[in-house]
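I'd like to ask you about the structure that follows.
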Amino acid sequence: MLSAMLYLIPFLAGIAMSLRLGPVLIFMVYQLDYFLNPQNKWWGSLLPFVGAQFYLVLTMILVFMLRFGKYGPTPVFSHPQFRYMLLTILMFGLAYFNAPFSEYHLIALDAFVTIAIVVFLITKFCTQKNHIYWIVDAYLFSAFLLGFYIYGWGRNSSGRVEGVGMVDANDSNLVSAALVPTIVIFIGKVIAEKRWLPRCAYGVGLLVTTNALILINSRGAFVGAAIGVAYFLFASLKNNAFSKQEKRAIFFGMILFAGAFLRLADTTFLDRMLTMKTEATESTSDQQSGSTRVYFWIASIELAKDYPFGTGASGFVYHSPYYLPTDLDTGKSRNRAVHSTWFEVLSEAGFLGLLFFTLMIYKTYKAFLMVRRKLWNEKDFVNSAMVLAVSSGFISFVVSATFINRLRAEVLYWLVALSICMYNVFMETNKVDRNH
């Protein structure tokens, strides 16, 4: 019952508040529903409704159409990361002609197009600085609730967390990739927030989410979190726009986080992280996702040579028996996923798809960087710390996604949308060319 109430109360409150504060709150409710995914939870039967994602997107579309005069002028297509996202989706769609799983490919394409629509609507509705903070806080709050649920759910006999998947992520590694950006964003919030009550709330959220990642035991997420936090610390300390007091706060904040992390980390987690140094020997599934992963990546390159325009959704799974070495032990089946977003794009959308996807990632990072530098020049510590935290979270996600398939992960494109929103809001007064 508690889980149901933790979902239902903010869901209904967000819908009600959107009538006064604007449709950006509908997207915040969408974030909550995405993370908690009540239709796949045991407590979903206690709710008066399930499967709200479709209706929330439809509501946002209707609001945009009815109030086009207000939201239409906000620039979206002028941002290169959005254009490259559309080109990536186009190349993925064209792979239908080579797709062995044509029906599944159409389902995946429909979800991909829906993501593009959501990104478009986010960037249209997010017109103020407060809107950016609301979206980021909704992301953090949703991750906190999922982390709280994971804490109550616990690990299985294999030392992993299963059965807590989100709308588009039914695997624990996929869940961890969506959670990992919140670690560094929570850290940024704790450091930049001046009020003690919100700072304590963000601190609790950081502990709960970190504990969830430890329980999940994802090595890729651990690497992503470590690199994202390191980037945040490096960029902060080398920035002359921050005062010595602000840098000290960042440094000591990192020390406190490191202490809390070591306190939460248990033997099961530490033992699994140490396997990154050696060949994976725990189980067949660990072998195919650990020590043999590089063979999957090489096989995807060979596949792309034969199918340069991609093989559609799960195309590598279908073709992998023909491209993996015959003496490679892959367990009961040789039909395996490629276990890397980069090679997933290559195998499913071809060389052009990979090019457009890579450019989208680069342009997103560059947009964050341009906004951050402008705020640094203005000595705006609070906003620049927030932008740095979100961009560091973006890096964390990209690193984590290097080891799993996350081409169509919604969180990735939320972060792309945030880069556009931040550029529109913080760079609007500067006539900087948007073809950054």
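Which residues does the label zone of V382 cover in region 98-137, counting backbone N under 17 Å from a point 7 Å along Cα→Cβ?
Counting only backbone N, you get 128-137.
Let me ask you something else. How big is region 54-207 by Rg and Dmax over its Cα atoms, in Å?
According to the Cα coordinates of region 54-207, Rg and Dmax are 18.9, 57 Å.
Which number comes out as Rg/Rh for region 213-254 once both Rg and the Kirkwood Rh are worked out on C-alpha atoms?
Expressed as Rg/Rh, it is 1.14.
Please compute the modelled spin-label separation between N170 and R195, points set 7 Å along Cα→Cβ, answer in nm with one decimal.
4.2 nm
Taking 0.36 nm per residue of sequence separation and subtracting the Cα-Cα distance, how much length would be gained by fully extending the chain between F49 and V294, in nm to one decimal?
On the way: separation 245, 0.36 × 245 = 88.20 nm, distance 4.39 nm.
That pair, F49 and V294, stretches by 83.8 nm at full extension.
Return the long-range amide H neighbours of A169 (sequence gap of 5 or more, or a different chain), with a cut-off of under 5 Å between placed amide H atoms.
Result for A169 returns nothing.
Quick one: length gained pulling Y96 to Y151 fully straight, 0.36 nm per residue minus the C-alpha distance?
Roughly 15.7 nm would be gained on extension.
Taking chymotrypsin sites (Phe, Trp or Tyr not before Pro) as candidate sites, keep only those in a DSSP loop with at most 11 other Cβ atoms within 10 Å, then name the longest stretch of the chain containing none of them.
For chymotrypsin sites (Phe, Trp or Tyr not before Pro) (loop position, at most 11 other Cβ atoms within 10 Å), the longest site-free span of the chain is 78-436.
Using a simple charge model, +1 on the beta-carbon of Lys and Arg, -1 on the beta-carbon of Asp and Glu, nothing else, what dipole does the chain show about its Cα centre, in debye to the nearest 20? Numbers along the way, then the final one.
Values: 36 positive and 25 negative charges, 336 e Å.
Around 1620 debye, computed over the chain.
On to the next question. Could you please state how large a percent of the accessible area of the chain is carbon and sulfur, counting protein chains only and using a 1.4 Å probe?
64 percent
Oh, and also: Rounded to the nearest 10 Å², what accessible area does M370 show when all protein chains are kept and the probe is 1.4 Å?
Probe radius 1.4 Å; accessible area of M370 about 40 Å².
Hey, if you drop one equal point scatterer on each alpha-carbon of region 25-112 and run the Debye formula without solvent, what base-10 log of I(q)/I(0) do you get at q = 0.14, 0.23 Å⁻¹?
Debye intensities relative to I(0), on a log10 scale: -0.79, -1.13.
Next question. Would you mind getting the accessible area per residue of the chain, heavy atoms of the protein chains only, 1.4 Å probe, in Å²?
That works out to 44 Å² for each residue.
Express in whole angstrom the spacing between the alpha-carbon centres of region 66-114 and region 340-419.
With region 66-114 and region 340-419 each reduced to a Cα centre, they are spaced 17 Å.
Could you list, by residue number, the cysteines of the chain that have no other cysteine's beta carbon within less than 4.7 Å of their beta carbon?
If one checks each Cβ against the other cysteines of the chain, C200 turn up with nothing under 4.7 Å.
In addition: Based on the alpha carbon coordinates of region 286-348, what radius of gyration and maximum Cα-Cα distance (Dmax) apply, in Å?
Looking at region 286-348, its Cα Rg and Dmax stand at 10.5, 30 Å.
Taking a 25 Å limit on the Cα-Cα distance, which of the listed pairs K129/K379; K129/K194; K41/K124; K244/K374; K305/K366 fall beyond it? Before the final figure, lay out the partial values.
Working: K129/K379 17 Å; K129/K194 17 Å; K41/K124 32 Å; K244/K374 20 Å; K305/K366 31 Å.
Those over the limit are K41/K124; K305/K366.
Helix-only mean residue ellipticity at 222 nm, the chain, DSSP H runs n ≥ 4 weighted -39,500 (n - 2.57), per residue, nearest 500. What is it?
-24000 deg cm²/dmol
Shifting gears a bit: Compute the FRET efficiency between I61 and K305 as 1/(1 + (r/R0)^6), taking r as their Cβ-Cβ distance and R0 = 56 Å, and round to the nearest 0.05.
Calculated value: 0.85.
Hey, another quick one. Protein chains only, probe 1.4 Å: how do K124, K305, K332 rank by accessible area, largest first?
K332, K305, K124
Over the chain, what lengths in whole Å, largest first, do the semi-axes of the equivalent ellipsoid take, defined as the square roots of 5 times the eigenvalues of the alpha-carbon gyration tensor? Before the final figure, lay out each step's value.
On the way: eigenvalues 202, 143, 109 Å².
Those come to 32, 27, 23 Å.
The values are calculated or read from the model by the stated rules, or taken from the named source; none is laboratory data. Since this is a predicted model, take the numbers as computed values, not measurements. Cβ atoms come from the backbone with ideal geometry, glycine included; neighbour counts cover every protein chain shown. Surface areas here come from the heavy atoms of the whole protein model, side chains and all, with no ligands, DNA or RNA. Shrake-Rupley method; radii C 1.70, N 1.55, O 1.52, S 1.80 Å.
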